[in-house]
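Chemist: Could you have a look at this structure, given as structure tokens, before my questions?
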Amino acid sequence: MFLNGDNKYTDETTKLMALVRKKPLPVHVAIIMDGNGRWAKKRGLHRVAGHRQGVETLRDVIKTSDDLGIKHLTIFAFSTENWKRPVSEVNALIDLLVEYLRKEVMELHSKNVKIVILGCLDAFHPSVRREIERAVELTKDNSGLNINIALNYGGRAEIIRAVKNIIQDVNDKKISPDDIDEKLFSSYLYTANIPDPDLLIRTSGELRISNFLLYQIAYTELVFTQPDVLWPDFNKKTYLEAIVEYQNRQRRYGGINT
Ligand code: IPE
Ligand code: IPE
Ligand code: MG
């Protein structure tokens, strides 16, 4: 379990790890990885340097999730609104993702990780799509950690897409309007077959959802880090602390505690 560099389990994180294993773990953790730009700015670096450092954090979070046996890790990599950024930053973000997949997909595959994409890939260059689809195809039968990458993803766009597909299936007589309930609606979302997130973490202190998983987070526990924990600063300790916070919450789903 001991690794080099930033990945290392210190005494403190080893203790936290033992602590979180004592209580039920979230089955599904979703993360809004925010603050890369501010991390870079603080250091007088270009925003892209923050995104690059953010990939290191992601690697670490994947490792910890896998070690804990978390089933679903959903990460917000690029939103439908992120196209508003300068084209150079958009391209850098996409290049980083492709580079990450190209370098690491074999290792992820060997660890039984399954990669799923939430979002519409049509907007991307065919070479980008190819790399992403290769990773999805290669890992599709794996039964370990599911990494759901929200890419060109927006919660509202996802809901509109579901409505349109439901109307199409009603018109085609595949379903009847009476069949439409919460379960059926969920099955038309990108997250079909994925349970709703138990825990949503957002780094960098922003207290908003930014169009992430709007339908799915109805009863998700939300954890917002302190403003000084920008995504590249997020580490094993802060991740485990967020899980401890989740474990100390009482989930009532509208009911009462008995
Ligand atoms: C999150 O960091 C990364 C993505 C949006 C992909 P930001 O780039 O939003 O960083 P800040 O919020 O500007 O600091
Ligand atoms: C949310 O972060 C999107 C991702 C992390 C991919 P943003 O930085 O885009 O969100 P806003 O603009 O601060 O709401
Ligand atoms: Mg941001």
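Chemist: If we scan the stretch 167-179, do we find a residue that is more than 23 Å from Q53 (Cα to Cα), acidic (D, E), more than 17 Å from the chain's Cα centre (by Cα) and in a loop (DSSP other than H, G, I, E, B)? Show your work before the answer.
Modeler: Initially, the stretch 167-179 is screened for residues more than 23 Å from Q53 (Cα to Cα), giving 167-179.
Restricting the remaining residues to those that are acidic (D, E) gives 169, 172, 178-179.
The next check asks that each one be more than 17 Å from the chain's Cα centre (by Cα); those that pass are 169, 172, 178-179.
When the remaining residues are screened for being in a loop (DSSP other than H, G, I, E, B), the result is 172.
Yes - at least one qualifying residue is present in the stretch 167-179.
Chemist: What about D228, is it free of Cβ contacts under 8 Å to residues at least 60 places away in the same chain, under 30 Å from H46 (Cα atoms) and within 16 Å of ligand 3 (Cβ to nearest atom)?
Modeler: Values: free of Cβ contacts under 8 Å to residues at least 60 places away in the same chain: yes; under 30 Å from H46 (Cα atoms): yes; within 16 Å of ligand 3 (Cβ to nearest atom): yes.
Criteria met by D228.
Chemist: Does H51 satisfy the criteria of being more than 17 Å from the chain's Cα centre (by Cα) and at pLDDT 95 or above?
Modeler: Values: more than 17 Å from the chain's Cα centre (by Cα): no; at pLDDT 95 or above: yes.
Considered against the rule, which asks whether it is more than 17 Å from the chain's Cα centre (by Cα) and at pLDDT 95 or above, H51 comes out as no.
Chemist: Would you check which residues across the stretch 72-91 are more than 10 Å from ligand 1 (Cβ to nearest atom) and over 12 Å from the mean Cα position of the chain (by Cα) and list them? First the steps, then the outcome.
Modeler: So the first thing to find is which residues in the stretch 72-91 are more than 10 Å from ligand 1 (Cβ to nearest atom), and the list is 72-74, 80, 83-84, 86-88, 91.
Correct list: T80, W83, K84, P86, V87, S88, N91.
Chemist: In addition: Can you name the condition, by its number, that A40 falls short on among (1) away from ligand 3 (no atom under 14 Å from the Cβ); (2) buried (at least 21 other Cβ atoms within 10 Å of the Cβ); (3) assigned to a helix (DSSP H, G or I)?
Modeler: A40 satisfies every listed condition except (1).
Chemist: Quick one: how many residues across the stretch 204-253 are hydrophobic (A, V, I, L, M, F, W, C) and either surrounded by fewer than 18 Cβ atoms within 10 Å (Cβ to Cβ) or in a loop (DSSP other than H, G, I, E, B) (or both)? Steps first, please.
Modeler: Quick first cut of the stretch 204-253, residues hydrophobic (A, V, I, L, M, F, W, C) only: 207, 209, 212-214, 217-218, 222-224, 229-231, 234, 240, 242-244.
After this cut, where a residue has to be either surrounded by fewer than 18 Cβ atoms within 10 Å (Cβ to Cβ) or in a loop (DSSP other than H, G, I, E, B) (or both) as well, the list is 207, 209, 212-214, 217-218, 222, 229-230, 234, 244.
Residues meeting the conditions: 12.
The values are calculated or read from the model by the stated rules, or taken from the named source; none is laboratory data. This is a predicted model, so every value here is computed, not measured. Glycine also receives a Cβ, built like all others from the backbone with ideal geometry; neighbour counts cover every protein chain displayed.
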